[in-house]
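The values are calculated or read from the model by the stated rules, or taken from the named source; none is laboratory data. In this text the structure is predicted, and so the values were computed from the model without any measurement. Positions of Cβ are backbone-derived with ideal geometry, glycine not excepted, and every protein chain shown enters the neighbour counts.
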């Protein structure tokens, strides 16, 4: 009898362990994969990124010599800053842009240059009207037309006022100056930054003409320097993006073939 009682008791105990508490039908079930609650410390972490873009130029021989030393980007940046007092090294631009991580931001310092791209050809009328009827006078009937005026009618090609030159029919706009677009993503450790950056320098340098006579049209000439890249960099340390040299035959700087432009970017957490 005791043996049977022990068996029944053990079975009851095991059955009790296998029972589940009924779910509360008025309580919302947790969503699978839902993010954990954010603590106060995590919520206070800044999400704004500050991007500083700088360019420097120096003679070709000097630039090649410094790069042959295989300097780290931060050390190379410091060497350039120390040489700014010399006339050979110049800081060419400085652009600062802030934005939230994961969003695209743009800064512009430009002038709009509107120029034609399509033209209607010049036109010359085939005929020119000549009045052969004299003015009407009081008390006189219809005047007799003076047909001799037709013999002295001018040649249409000799009439400047009736000729139509090439006429623009379509236009485009080009921004001249400095434009920079960027999009950043901060790594989970808060030390590395994935950055997509596209700075561009554009200058209007000349105006060219083509055609002759009434067919003469003018078109602007632009020079541009641009970089479009994606990099991963460490916060608060200068990073060398590359070179943004002017064209070797630049009309802005006749010595452009002998100068090298270096572009650096420094990312940091924005401090309001």
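Here's a check for you: in the range 186-212, which residue that is loosely packed, with under 14 Cβ neighbours inside 10 Å and more than 22 Å from residue 171 (Cα to Cα) is modelled with the highest pLDDT? Checked the range 186-212; the qualifying residue modelled with the highest pLDDT is 187.
In the range 198-242, how many are assigned to a strand (DSSP E or B) and more than 30 Å from residue 66 (Cα to Cα)?
13
Name the single residue that is nearest to the chain's Cα centre (by Cα) among those in the range 243-260 being assigned to a loop (DSSP other than H, G, I, E, B) and surrounded by 17 or more Cβ atoms within 10 Å (Cβ to Cβ). Checking each candidate, the answer is 244.
In the range 84-110, the residues that are without any contact (Cβ under 8 Å) to a residue 40 or more places away in the chain reach residues that are part of a loop (DSSP other than H, G, I, E, B) with C-beta atoms within less than 8 angstrom, at least six apart or across chains, in these pairs: 89/83; 90/84; 91/84.
For the range 80-104, filtering for residues that are outside any strand (DSSP E or B) and under 24 Å from residue 182 (Cβ atoms) leaves 5.
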